[in-house]
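Novice: For reference, the structure I am asking about is given below.
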Amino acid sequence: MKQQLESLVLHAVDTLKTEGVLESELQPKITIERAREQQHGDFASNIALLLAKPAKMNPRQLAEKIVAHLPAAAAVIKVEIAGPGFINFFIDPGAQYQVITQIHALGQQFGLSQVGAGKKVQVEFVSANPTGPLHVGHGRGAAYGSAVADLLAAVGFEVQREYYVNDAGRQMDILATSVWLRYLEECGELLTFPSNGYRGDYIHEIAADLRREVDNEYRHPIALVFEDIPADAPQGGDKEKHIDALIARAKTLLGDKQYRAIFQAGLKGILADIRQDLSEFGIEYQTWFSERSLMEDGSIDEALKRLDAAGYLYEKSGATWFASSRLGDEKDRVVVRDNGQSTYFASDIAYHMNKLDRGFDQIINIWGADHHGYIPRVRAAMQALGADTDKLTVQLVQFAVLYRGGEQVQMSTRSGSFVTLRQLRNEVGQDAARFFYVMRKAEQHMDFDLKLATTKTNENPVFYVQYAHARVCSVFKQLEDKNLQRDIPLGEQNLAKLTEAQEIKLVMTLSRYPEVLQRAALQYEPHLLINYLRELAADFHSYYNAHQFIVEDDAVRNARLNLISAVKQVLANGLGLLRINTPEAM
RNA sequence: GCGCUUGUAGCUCAGCUGGAUAGAGCAUCGGCCUUCUAAGCCGAGGGUCGCAGGUUCGACUCCUGCCAAGCGUACCA
């Protein structure tokens, strides 16, 4: 409908151009908006206001000229000029009702579109270091990222969901060493666990599994392990030096092969846990991309070579630097340390080069807000590699602060209080977790109230929307109990009998769904869909309370049943897209 | 210090990318169940859109400057 009106207005503007009223170079963006007030009709255009200045005309006069040149259209029953020069369109209700028939015909397909057809996008999200279970902060990125990916797929994009596995670097060495030390404990050795090691229960589990698998093969006397190791922080030493020395000791005592085996055991164990956690949360990735693979297949060297060829690398005090400050970053960055090791940033340059080489039209990175300072240097790297930086979108997700009632929940690993995504899902349930995470726009700091998410009252928006769905189902059950048959064609013939205020409002809201979906997808704002579903549910609840659906009059009854089954369908489509359940009874 | 994000009703947040009288939920107050689920509905009160300028027919929205909060500012990942 919107597009139809746009072409009408465009046609009128073109006519005015040929008549010389408007200059022919003008290429106005025709925008049709849904009117907010009923008295302003159904749709409105501000075109006359926009063109008034270049045309050197009074906006109302211009509006009159535009209206005079509008081609006739069956669905438009009235056009008015209002306010400073808005053109308001009134649509034939009969045309609006068609959406109900359309929803029935399309079913689950209703709302889907093809605006993204033929375009490949990649959404990379979560990508938490595989050093422990996902916590509640990752949950938001997970829910948001998967919603964005699903929305993009719904409007026709070919979407690839990817998890970047940071399986290289010092953190992973600390993990491997932590596993080994716990393994030694399993073997019966007594030791003081490093203060900087990973202390979670999951390390014990991985170590125990390892012991079962290899028995005492990786065992070394504890005296030898700790011989000449600098003191840990609690003993007045330096925790970093302590752990680094232990890592080095592990490598020398175990040798390359055994060390790698332990490293892999730790990585695999944790990754399997993360994978399962996400899968239970309704998230499946197409690819798990290994950082280590970039080192092994020479991608990092290749990336650095390309940066060097482009003249962006230089040496200073033993290290290799990328001149990112020439491309908008606040300062230059090290890519190869003076000890010869490449930095994490070097991996990331190679990773983004790899993404570009895979031919995506759009690369979407979903990062925690604490990584924002990282964006300029990645952009700089892409630019230096000669890529179109517009292809990269970074969506920042702010942290969620947990509350239980009015109390803030402390999220420290040490205190052992509420930290993991799994615990959150168990406490509030899958549906509430997803709904609450996505309810706010990503860049908004969020308060997540656990108590609210679990209450079964009107305070809880998840139930509010699900309840609307269940209520429709309940009506149809009642219909059955009363031995009444639904007559869909009869209902379709009588849609014009839906003249109550609540019915007209509901039809309008239903017809907006495809636009909402498209906007939510293209702007990476799934919260728009949530807001819409709440509004649709509200419109339905109002209707439910104001009127009976199962009435004597066959024509009215079937028309109403068609309307509410359309409501049910759209609620199911929207919630389904967000992977939230649609219960038939509550 | 510099950078990014945020600042809208008592609280939590929307606000369609510059439009017409700034909206919702919670909380508060008052109503609605012998009729399809009251996890619901109807109504009332509640606002200097952080502050001050500017741009224009028009600004919560864009620009500048302040103020406040969070985060970042590594040869860590």
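The values are calculated or read from the model by the stated rules, or taken from the named source; none is laboratory data. Small disclaimer: the values here were computed from a predicted structure and weren't measured. Cβ: placed from backbone, ideal geometry, glycine included. Neighbour counts: every protein chain shown. Surface areas here come from the heavy atoms of the whole protein model, side chains and all, with no ligands, DNA or RNA. Shrake-Rupley method; radii C 1.70, N 1.55, O 1.52, S 1.80 Å.
Novice: Looking only at chain A, where both bridge partners belong to it, what percent of the DSSP beta bridges are antiparallel (to the nearest 5)?
Specialist: On the way: 23 of 46 bridges.
So the antiparallel bridges in chain A amount to around 50 percent.
Novice: If you project the alpha carbons of the stretch A:273-312 onto their three principal axes, what span does each projection cover, largest first, in Å?
Specialist: 47, 18, 13
Novice: Using only Cα atoms, find the angle between the long axis of helix A:501-522 and the longest principal axis of chain A, and express it within 0 to 90 degrees, rounded to the nearest 10.
Specialist: Its long axis makes an angle of about 40 degrees.
Novice: While we're on this one: With point charges of +1 on the Cβ of Lys and Arg and -1 on the Cβ of Asp and Glu, referenced to the Cα centre of chain A, which listed residue (A:129, A:476, A:142) lies farthest in the positive direction of the dipole?
Specialist: A:476
Novice: Do me a favour and compute the ellipsoid semi-axes for chain A from its Cα gyration tensor, root of five times each eigenvalue, largest one first, whole Å. Mind showing how you got there, number by number?
Specialist: Details: eigenvalues 631, 226, 65 Å².
The answer is 56, 34, 18 Å, longest axis first.
Novice: How much net charge surrounds residue A:24 when only other residues with a Cβ under 14 Å from its Cβ are counted (Lys, Arg +1; Asp, Glu -1)?
Specialist: -3
Novice: What order do you get for A:565-578, A:500-513 when each peptide is scored by the mean count of other beta carbon atoms within 10 Å, highest first?
Specialist: Values: A:565-578: 21.6, A:500-513: 18.9.
Highest mean packing first, the order is A:565-578, A:500-513.
Novice: Here's another thing I want to ask about it. Placing unit charges on C-beta atoms (Lys and Arg positive, Asp and Glu negative, everything else neutral), compute the dipole magnitude of chain A about its Cα centre in debye, rounded to 20. Spell out each step's value before the answer.
Specialist: On the way: 63 positive and 75 negative charges, 170 e Å.
Result for chain A is approximately 820 debye, rounded to the nearest 20.
Novice: Kirkwood-based Rg over Rh for the stretch A:215-345 (C-alpha set), two decimals? Don't skip to the end; give the middle numbers.
Specialist: On the way: Rg = 20.0 Å, Rh = 18.8 Å.
Radius of gyration relative to Kirkwood radius: 1.07.
Novice: Let me ask something additional. Which value, in debye to the nearest 20, gives the size of the charge dipole of the stretch A:191-329 about its Cα centre, when Lys and Arg are +1 and Asp and Glu are -1 at the Cβ? Please list the in-between numbers first.
Specialist: Details: 17 positive and 25 negative charges, 54 e Å.
Rounded to the nearest 20 debye, it is 260 debye.
Novice: What residue among A:246, A:397, A:540 has its Cα farthest toward the positive end of the dipole of chain A, where the charges are +1 on Lys, Arg and -1 on Asp, Glu, each on the Cβ?
Specialist: Farthest towards the positive pole: A:540.
Novice: Turning to a different aspect of this structure: Which one of A:278, A:184, A:550 is farthest out on the positive end of the charge dipole of chain A, using unit charges on Cβ (Lys, Arg +1; Asp, Glu -1) and the Cα centre as origin?
Specialist: In chain A, that residue is A:550.
Novice: Here's another thing I want to ask about it. Relative to the longest principal Cα axis of chain A, at what angle does helix A:170-186 sit, 0 to 90 degrees, rounded to 10?
Specialist: Rounded to the nearest ten degrees, it is 60.
Novice: If I take every Cα pair under 8 Å that is 6 or more residues apart in chain A, average their sequence separation and divide by the length, what percent do I get for the relative contact order?
Specialist: Values: 886 pairs, mean separation 84.6, N = 586.
14 percent.
Novice: Given a 1.4 Å probe, how much area per residue of chain A is accessible, in Å²?
Specialist: In whole numbers, chain A has 47 Å² accessible per residue.
Novice: Okay, next question. Rounded to the nearest percent, how much of the accessible area of the stretch A:70-191 (1.4 Å probe, protein heavy atoms only) is carbon and sulfur?
Specialist: Details: 2140 of 4070 Å².
Carbon-and-sulfur percentage of accessible area, whole number: 53.
Novice: Starting at 0 and stepping by 5 Å, how many percent of the alpha carbon pairs of the stretch A:2-91 end up in each bin?
Specialist: 3, 15, 29, 28, 17, 7, 2, 0
Novice: Ranking request for peptides A:153-164, A:187-198: highest mean number of other beta-carbon atoms within 10 Å first, then the rest in descending order.
Specialist: A:153-164, A:187-198
Novice: A further question on this structure: Ignoring ligands, DNA and RNA, what percent of the accessible area of the stretch A:290-386 is carbon or sulfur (1.4 Å)? All intermediate terms of the calculation are to be shown ahead of the outcome.
Specialist: On the way: 2020 of 4440 Å².
For the stretch A:290-386, the apolar C and S fraction of the accessible surface comes to 45 percent.
Novice: Let me ask something additional. On a straight-distance basis, which aspartates and glutamates could pair with residue A:505 in a cross-link, Cα separation under 13 angstrom, same-chain partners fewer than 8 positions away excluded?
Specialist: Candidates past the 8-residue exclusion: A:37, A:42, A:535, A:539.
Novice: Structure shown: which of A:78/A:497; A:316/A:391; A:391/A:441; A:119/A:441 lie over 28 Å apart, alpha-carbon to alpha-carbon?
Specialist: The answer is A:316/A:391.
Novice: Same structure, new question: Could you pull out every one of the lysines with an alpha carbon less than 18 Å from that of residue A:477, ignoring same-chain neighbours closer than 8 positions?
Specialist: Counting by Cα, and skipping residues close in sequence, residue A:477 has these lysines nearby: A:568.
Novice: Compute the long axis of helix A:430-439 from its Cα atoms, compare it with the longest principal axis of the Cα atoms of chain A, and write down the angle in degrees, 0 to 90, nearest 10.
Specialist: Tilt of helix A:430-439: around 70 degrees.
Novice: Roughly to the nearest percent, how much of the accessible area of the stretch A:461-577 is carbon and sulfur, given a 1.4 Å probe?
Specialist: Working: 2270 of 4770 Å².
In the stretch A:461-577, the share of accessible area belonging to carbon and sulfur is 48 percent.
Novice: Using a 10 Å cut-off on Cβ atoms, rank the peptides A:250-259, A:480-489 from the highest mean neighbour count down. Don't skip to the answer; put the middle values down first.
Specialist: Numbers: A:250-259: 14.6, A:480-489: 10.8.
Sorting A:250-259, A:480-489 by mean packing, highest first, produces A:250-259, A:480-489.
Novice: In deg cm²/dmol and to the nearest 500, what is the mean residue ellipticity at 222 nm of chain A if only DSSP H runs of at least 4 residues count, each as -39500 (n - 2.57), divided by the residue total? Walk me through the intermediate numbers first.
Specialist: Details: 21 runs with 303 residues, N = 586.
Calculated mean residue ellipticity at 222 nm is -17000 deg cm²/dmol.
Novice: From the backbone phi of the stretch A:217-223, what are the Karplus-calculated ³J(HN,Hα) couplings (6.51 cos²θ - 1.76 cosθ + 1.60, θ = phi - 60°) in whole Hz, Gly and Pro given as x?
Specialist: So the J values, rounded to whole Hz, are 4, 9, 7, 9, x, 4, 4.
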